[in-house]
Amino acid sequence: MSKVDVVITRVRARLQELGIKLWLEPYYLKSSGSVETEIVNLAEDFSHNLGISKSDCKLALSELQEGALRKLKAREEFLATGIATFTVRRINNWQGTQSIVEVKCPLSFLGSELQKNVAKALNIENAARIKCISAGKIVNPEQTLIDQNIKNNQQLMVIISEVDKQEHMQENVMHDRIQKIKKDVEAIVDSNKQLFEMEDQDGNPVFLPPTENRAILIGMGICEKGRVAMKNERYDEALILFLEADEKFTACNSKFLEAVDNYALINLDIVWCYLCLKNVTQLPDAQRRLEICENSFRRSYGENLQRLITLKGDGCAEKALIMRLHLLQGVVLFHQNRRNEALEKLDIAENELLALKVDDTSIETLVEMGYEPHEARLGLRARGGDIEQAINFIHDQHEKLRETRKHSQKERKLNQKLDVRKHDKNWVNPRSVCSLMEMGYSSKLVVQALRDSRNDLNKALNLLQNHTEELSRKLPLEGTINIDLMEQLQQLGFSESRVRIALEATRNNLESAIDFLVKMYTDEKDLSMFIERMTAVATDQGAPSTSTGLNSLAQQIVEKAAKEIESLNAYNRFKQDFIANDFDYLDLPLIQEEQILAEYKHLLK
């Protein structure tokens, strides 16, 4: 943070404390403008009170006065014409704030018009490569500004995707890369193969209704790519990805967001990007997000981490996240000129940081023994730097994760089986199904009871205990397999046994049966051979007219299989940047944190 920003923050706070309005008399006269002598006298008074040089105080007062007058003029223009004025701060990865311009646009206009006006002001050819960020949200080009709660005199943060000047390759344009990531993640989530699964911190699967499940999985997928960008210090790209993911999360009303720390982490990551991009215009949003994060951590970890310490011991790796939270809270408090509170938070963060630091030589020793750097770092932090205990910790973590996933296999398989019915109204929680089946109830009765009770386990149990006959009457009759459908699918080359299983599982629903059969082809090679066979059937011009329906069905299957291949390709692209690390979100090297802590503690002296 620059010296000028520090001075302006403190001078602004002093003005607010004293209720001084620089755009009114005696500091400003409509007839002649700013009153120099009054500004000088005020600067002298502030210099004595704040311990800042008189010249710096005067510069800050003049800048704040000019800003206030600009806002006043913009307010008058807005009331007269309806045209809003925005202060647009262009941000990039290297300089933080690259430039600041003023842009005008009526609030009744679409976000795309604001993008065009920003592009014109910044001399950018393609307005689509501009992302405007207002109060922590990406401005939607297809909605009006007023519908997005954007107001006159608001500060906007702008990130512009530009071609990599060294390589001049289209794929190196941030805008195109982000669009590709979003498209890939959606293809992966929509695959019938369940390429993404949700797990809690301990490796247990998390089951949600289809609509919520899709929204959260897409959000988490985009978020993971944001973390890759953040690790590579592409903070502008990371911020856009995190905000895109945040839109998916906030569109979902799932209690899941309150139960685990995923949503807390994305808020923490967004504020971290604000800081690394040296942007303080999003300060109110940063404070809001840190409050969400803190509340979520309390729900997940307990007050003072007590629940976490009880479960995982005093050296739990999650303490690194808590330290980053306290550091960011200290930074936000500093920019609000709440200096004593800021120092208090920074002191807490400093003590936590010292406790988390581990010896580089110990990390190297563990790496030489075959452990990954992230395993070594987390193990040493968890066990106070003791190498032998760190090794035990690493093995214990792997074993716990393996055991948890092993024990949840029944639930996962059942979830795949139930997945043939993807509508929210029919969805049942596989974990509840397993729990009730373990009590001796049949799977069909259990599923019906859970549907009737809307997945309330206690109500479902009551139905099973006291209303068995009523549940039985609701069960579909054991129907025979549709012979016509069976023959059709066999003519396409599917084996009788597979067709029978598919039609039984889907109750003779042809489209669902096709999905079921396509899902049996597990890799790209098998799918490609399958597509060749189906394409030959679909394009067979010599077939009798009675097989027209068969040609059409084969073409439908080809399209589904091609979509699955694209999902597999998208998944392979998605995995390219990743290191296989289940605890990556906890692996903070803490180098930047240490530098930022030192910088802000110095500013407070």
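The values are calculated or read from the model by the stated rules, or taken from the named source; none is laboratory data. What you see is a predicted model, and the numbers here were worked out from it, not measured in a lab. Cβ atoms come from the backbone with ideal geometry, glycine included; neighbour counts cover every protein chain shown.
One table, with the values for the structure above:
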| quantity | calculated |
| --- | --- |
| In the range 553-605, the residues that are in a helix (DSSP H, G or I), hydrophobic (A, V, I, L, M, F, W, C) and loosely packed, with under 13 Cβ neighbours inside 10 Å | ILE591, ALA598 |
| Which numbered condition VAL358 misses (of (1) surrounded by 15 or more Cβ atoms within 10 Å (Cβ to Cβ); (2) in a helix (DSSP H, G or I)) | (2) |
| Top-ranked residue in the range 246-267 [being at pLDDT 90 or above and in contact with an Asp or Glu (Cβ under 9 Å, 6 or more places away or on another chain); ranked as farthest from ALA215 (Cα to Cα)] | ASN267 |
| Among (1) hydroxyl-bearing (Ser, Thr, Tyr); (2) over 46 Å from the mean Cα position of the chain (by Cα); (3) at pLDDT 90 or above, the one test that SER32 misses | (3) |
| Residue list for the range 200-226, restricted to those being out of contact with any helix residue (DSSP H, G or I) (no Cβ under 6 Å at 6 or more places or on another chain), closer than 22 Å to THR404 by Cβ and assigned to a helix (DSSP H, G or I) | ASN213, ILE216, MET220, GLU224 |
| All positions within the range 452-504 that are under 42 Å from the mean Cα position of the chain (by Cα) and of a type in the set (Asp, Glu) | ASP452, ASP456, GLU504 |
| Filter pass, ALA60 being among the aliphatic types (A, V, I, L, M) and farther than 24 Å from LEU604 by Cα | no |
| Verdict on ARG70 being over 24 Å from GLY96 (Cα atoms) and within 41 Å of the chain's Cα centre (by Cα) | no |
| Residues of the range 336-349 that turn out to be in a helix (DSSP H, G or I) and surrounded by fewer than 20 Cβ atoms within 10 Å (Cβ to Cβ), as a count | 7 |
| From LYS525, LYS519, residue being out of contact with any helix residue (DSSP H, G or I) (no Cβ under 7 Å at 6 or more places or on another chain), buried (at least 16 other Cβ atoms within 10 Å of the Cβ) and under 23 Å from GLU559 (Cα atoms) | LYS519 |
| Selected residue [in a loop (DSSP other than H, G, I, E, B) and surrounded by fewer than 19 Cβ atoms within 10 Å (Cβ to Cβ)] from GLU113, GLU142, GLU102 | GLU142 |
| Extreme residue, surrounded by the fewest Cβ atoms within 10 Å (Cβ to Cβ), among residues of the range 86-99 that are under 15 Å from LYS120 (Cα atoms) and either touching a residue at least 40 places away in the same chain (Cβ under 8 Å) or of a type outside the set (S, T, N, Q) (or both) | THR87 |
| Of residues in the range 418-444 being closer than 22 Å to LYS193 by Cβ and either loosely packed, with under 15 Cβ neighbours inside 10 Å or charged (D, E, K, R) (or both), the one modelled with the lowest pLDDT | ARG421 |
| Qualifying residues in the range 50-76 (those that are over 14 Å from LEU15 (Cα atoms) and hydroxyl-bearing (Ser, Thr, Tyr)) - the one surrounded by the fewest Cβ atoms within 10 Å (Cβ to Cβ) | SER55 |
| Test: residue in the range 40-48 that is among the small types (Gly, Ala, Ser), within 30 Å of ALA342 (Cβ to Cβ), surrounded by fewer than 18 Cβ atoms within 10 Å (Cβ to Cβ) and within 42 Å of the chain's Cα centre (by Cα) | no |
